1. Return the calculated 222 nm mean residue ellipticity for the chain, to the nearest 500 deg cm²/dmol, obtained by summing -39500 (n - 2.57) across DSSP H runs with n ≥ 4 and dividing by the residue count.
2. With a 10 Å Cβ neighbour count serving as the proxy for reagent exposure, in which order, fewest first, do GLU198, GLU124 appear?
3. May I ask you to derive the FRET efficiency for VAL37 and THR241 from their Cβ-Cβ distance with R0 = 25 Å, giving the value to the nearest 0.05?
4. With the chain treated as a Gaussian network of Cα nodes joined by springs under 10 Å, which of GLN166, GLN109, GLN95 yields the largest mean-square fluctuation?
5. Anyone know which of GLY131, GLY105, GLY164 comes out most mobile in the 10 Å Cα GNM of the chain?
6. With a 10 Å radius around each residue's Cβ, average the other Cβ atoms per peptide and rank 39-47, 230-238, highest first.
7. For the chain, report the % of Cα-Cα distances exceeding 26 Å.
8. So which residue, out of LYS63, LYS139, LYS229, gets the largest mean-square fluctuation from a GNM of the chain using Cα contacts under 10 Å as springs?
Amino acid sequence: MSQATEQITARDERGATAPIIQAVGASREYELAGEIVHAVRRVDLDIRIGEFITLVGRSGSGKTTLLNMLAGLDHPTSGQVYFEGDDMANFSEKQFIRLRRHRIGVVFQSFALLPLLSAYENVELPMRIAGIGASERSKRTNEVLDIVGLGRRAKHRPYELSGGEQQRISIARAVAMKPNVILADEPTGELDSVNAAEIFGLFRQMVSEEDMSIVATTHDRTLLDLADKIYTVHNGEIELTEVGKHVDVSAQFKRPNEE
């Protein structure tokens, strides 16, 4: 038995789950005005099933770029990002489509709502595209709109909603698909403290009851007590700064498919 296999066996015996998404030495560089910008630097990160991770850091620290790479919306300049052990660099467009329709939900900082559709239609559309039946679509849409407190605003279009309400619609849209992973970029940035606490409470509930994995960026330190792990992002590098009581801190890092 190899050392890596021994590590896996030991980790499984402790009850730790394998990462559903894993970044291995992932870096992202851009060229801007003739200069190289190091947006993300050699990040190693495991996202496990049923885990709530928050990323904290100042604007421009690399949080959004890292989320985009984890979602497969951007690709590392060097290093790898794996989904269930498969390198996403090798995914076909069809594989990415299936991944984003069924497995990964993204909450964008810019909301990304369709302006001519109502709140209800914005939430329902991804399920319609995914081929979910009309009855189930209606049930899920109404459920998540009630969860985010916007059941009465279902017929309103985005321009008729406040910034905080639009943000809650984008969260409802991601939650309705019941993905394995939600990646949320500043999901409470436009919300007051009460609504922000409710949204993070919803995330905590989904992790605990649905075994969903959530990675959220935030500036709000008051909400971090609900997270299992808190990473600080600075100049494109991440550091694990706090670990929740339910996390297996002894689980050893292992590259996917390592023999």
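1. Values: 7 runs with 82 residues, N = 259.
After summing the helix terms and dividing by the residues of the chain, the value is -10000 deg cm²/dmol.
2. Numbers: GLU198 17, GLU124 24.
So the residues, fewest neighbours to most, are GLU198, GLU124.
3. On the way: r = 24 Å, r/R0 = 0.98.
Efficiency computed from Cβ-Cβ geometry: 0.55.
4. GLN95
5. Most flexible of the set in this elastic network: GLY131.
6. Working: 39-47: 20.3, 230-238: 18.7.
Result, highest mean Cβ count within 10 Å first: 39-47, 230-238.
7. Working: 14003 of 33411 pairs.
Percentage above 26 Å: 42.
8. Fluctuation is largest for LYS139.
Every number here is computed from the coordinates shown, using simple stated rules; none is lab data. Keep in mind it's a predicted model, so treat the numbers as computed, not measured. Counting neighbours? That spans all protein chains shown, and the Cβs are built from the backbone with ideal geometry, glycine included.
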